[in-house]
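Working notes, beginning with the structure itself.
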Amino acid sequence: MYILIDCDNFFVSCERAFQPHLQNRAVVVLSNNDGCVVARSNEAKKLGIAMGSPYFKIAEDLRAQGGLALSSNYELYADMSQRVMNLIKERFPNLEIYSIDEAFAEVKETESIVEEALSLRNTILQQTGISVSIGIAPSKTLCKIAGERAKPLTRDKVCYFHNAEATAKILSEVEVGNVWGIGRNLKPRLNFLGIFTAQDLVRAPAGLIRRHFGINLEKTVMELQGISCLAHEHNGEQQSLMCSRSFEHEVQTFEELRRILGEFTDSACQRLRRQGGEAGGIIVYLSTNRFSKNEEFYQNTSFIGLNRASALTSKFLKAMEQGLREIYREGKHYKRAGITLTEIRKRGAGQRNLFETEADECREQKLLQAVDDLNEKLGAKTIRFGSLSQEIKHFIRREHRSQSYTTSWQELLKVH
Amino acid sequence: MSFGSPAQDFSQPGLDLNQLLIRHPNGTYFVRMEGNAMLGGGIKDGDLLLVDRAIKAQSDNIVVCTLNKEFYVRKFKTHQDRPLLLAHDGKETKRYFIKAEDEFSIWGVVTAIIRPLDPLHVHLD
């Protein structure tokens, strides 16, 4: 049995926990650089503000309705997420953290499962101020649907799929394109075969599904039938680590991009080492402004695989530079760039490359440990790699950011 | 060859203030007092307060609450089933009975006051 715990309007809920004046009004949280809407309160949803709307398009309307836009405050969200996940783990230790505001737990099916879920919901609400919706079902894919059913409830937001007949009825109301794991491009093909709802998919002949769509969709069908076949990632480690930003001022030169991406690579590698992992490769990503009138839109991606998985910053800096060289085009104005470390797994799990001696590895490993330790003790960026910039010009624009109430002594909540 | 310290079997991790002061780490928050409305309760302007949101407030607890969208630190009482907030600035006690039209909720219970003393700047007044 699985249980999905999903925070309601998570970023907005975090802000509201420390700012009571945000209650009962339309609130949106904006992406980096205050570009577009990434979270909405229920009141903002009712105003018809769509996820991803560019801020400049909705700003006036929002203000006229007494609403408010906030810059994203990731320090706060990360800390509140940690608190929520810890509280869940105390009740359900077998946890897979799926995203910043969502987690699956594997649980035994007991008679009291709904009461336990409700009690967890109340604990989280009381200790963090964050409301969660909970879906309970025999598979993760069904949990997602149960969670969606719980979301619009106004209290006791728990939905439990325990009865096959009731589940079938609900599945017949779910559009097939809204099933977890079914992509946008799959939907028209399914519709063409007369499959419109999740229940249609459950009833479709297995042979047909496999022949037309392959093993992944077949798994989804089984999951919808209540047979769990997606692996449970107990540790909550990330499979890939991403670091990307859009810039306030567009960037042109290779040198500057190399420095910015160097910072990203350094920061991702530090996170990688902290979780005791190593990565097999790096993806470099670049794009110009999609909305620019003077320049044709350009975006490109390159992947550089390492001979052997590693957690060493120097290796990824080298690979990043190679990847950047492949996709960099002179004369363009870059608006966004980023890197992703891929194929992440536990350190030491893979095979050793013949040409690399263990001693080499150890030396660099020790050096990195020392760098990480010093940076932790003396403040981030005390020691840095040669290619990283002294000063990053591209401050993230966050005009309407709230305080880091839980992570900075200077920004604590003030009471009177 | 050296002899081990005779105390090594007894070595323990150092004392940890978090462990002493924080019972519910996931539901405990630091906040900063502004003003002297609670001087009579031992809380000075600028003090750090530890607030535990996991504890259900009882009469006579010092709490952080929101009253009409503002945060306050007050002594919480129930008087004949009516909630009541007390402030004491060192001179007089002020009472406030929660009215039906008030937007009121208790945010958490204050469990500790933290006030570092700077030994060079102690004012005895």
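The values are calculated or read from the model by the stated rules, or taken from the named source; none is laboratory data. Note that the coordinates shown come from a computational prediction; the quantities given were computed from them, not determined experimentally. So basically every Cβ, Gly included, is an ideal-geometry build from the backbone, and we count neighbours across all protein chains shown.
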Candidates A:LEU272, A:LEU257, A:LEU217, filtered to the one that is in contact with a Gly (Cβ under 9 Å, 6 or more places away or on another chain), part of a helix (DSSP H, G or I) and of a type outside the set (Asp, Glu): A:LEU217
Condition check for A:LYS108: more than 14 Å from every other protein chain (Cβ to nearest Cβ) and part of a loop (DSSP other than H, G, I, E, B): yes
Only listed residue being at pLDDT 95 or above, surrounded by fewer than 17 Cβ atoms within 10 Å (Cβ to Cβ) and not charged (D, E, K, R), chosen from A:ASN94, A:ASN122: A:ASN122
Selection within the range A:58-90 - among the β-branched types (Val, Ile, Thr) and either within 14 Å of A:CYS14 (Cα to Cα) or not assigned by TED's automatic domain parsing to the domain that holds A:VAL27 (or both): A:VAL84
Residue identified as touching a Gly at 6+ places or on another chain (Cβ under 6 Å), within 12 Å of A:ILE3 (Cα to Cα), among the aliphatic types (A, V, I, L, M) and in the same structural domain as A:LEU76 (by TED's automatic domain parsing) among A:ALA103, A:ALA146, A:ALA117: A:ALA146
Residues that are surrounded by 21 or more Cβ atoms within 10 Å (Cβ to Cβ), small (Gly, Ala, Ser) and under 25 Å from A:SER72 (Cα atoms), drawn from the range A:240-281: A:GLY262, A:ALA268
Test: residue in the range B:18-41 that is more than 14 Å from chain A (Cβ to nearest Cβ) and assigned to a loop (DSSP other than H, G, I, E, B): no
Any hit, the range A:62-71, residues being aliphatic (A, V, I, L, M), surrounded by 20 or more Cβ atoms within 10 Å (Cβ to Cβ) and in contact with an Asp or Glu (Cβ under 8 Å, 6 or more places away or on another chain): yes
Filter result (touching a helix residue (DSSP H, G or I) at 6+ places or on another chain (Cβ under 9 Å), in a helix (DSSP H, G or I) and small (Gly, Ala, Ser)) within the range A:118-155: A:SER119, A:ALA146
Top-ranked residue in the range B:50-84 [being within 7 Å of chain A (Cβ to nearest Cβ) and aliphatic (A, V, I, L, M); ranked as farthest from the chain's Cα centre (by Cα)]: B:ALA54
Matching option when the condition is over 29 Å from B:PHE30 (Cα atoms) and at pLDDT 95 or above, among A:ALA44, A:ALA59: A:ALA44
Filter pass, B:VAL109 being of a type in the set (Val, Ile, Thr), within 30 Å of A:ASN122 (Cβ to Cβ), within 11 Å of chain A (Cβ to nearest Cβ) and not in a loop (DSSP other than H, G, I, E, B): no
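Please enumerate the residues belonging to the range A:302-328 that are of a type outside the set (Gly, Ala, Ser) and assigned to a strand (DSSP E or B).
Residues satisfying the conditions are A:PHE303, A:ILE304, A:LEU306, A:ASN307, A:ARG308.
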Neighbours by Cβ (under 7 Å, 6+ apart or cross-chain): first from the range A:334-360, in the same structural domain as A:ILE304 (by TED's automatic domain parsing) and over 23 Å from A:GLY323 (Cα atoms); second surrounded by fewer than 16 Cβ atoms within 10 Å (Cβ to Cβ) and modelled with pLDDT of 75 or more: A:LYS346/A:GLY276; A:ARG347/A:GLY276
Qualifying residues in the range A:115-142 (those that are more than 11 Å from chain B (Cβ to nearest Cβ), over 21 Å from A:ILE170 (Cα atoms) and of a type in the set (Ser, Thr, Tyr)) - the one nearest to the chain's Cα centre (by Cα): A:SER131
Residues being of a type in the set (Ser, Thr, Tyr) and under 13 Å from A:GLN252 (Cβ atoms) - total across the range A:281-291: 1
Elements of type strands (runs of 3 or more DSSP E) in the range B:51-94, at least 3 residues being closer than 26 Å to B:ASN18 by Cβ: B:62-67, B:70-79
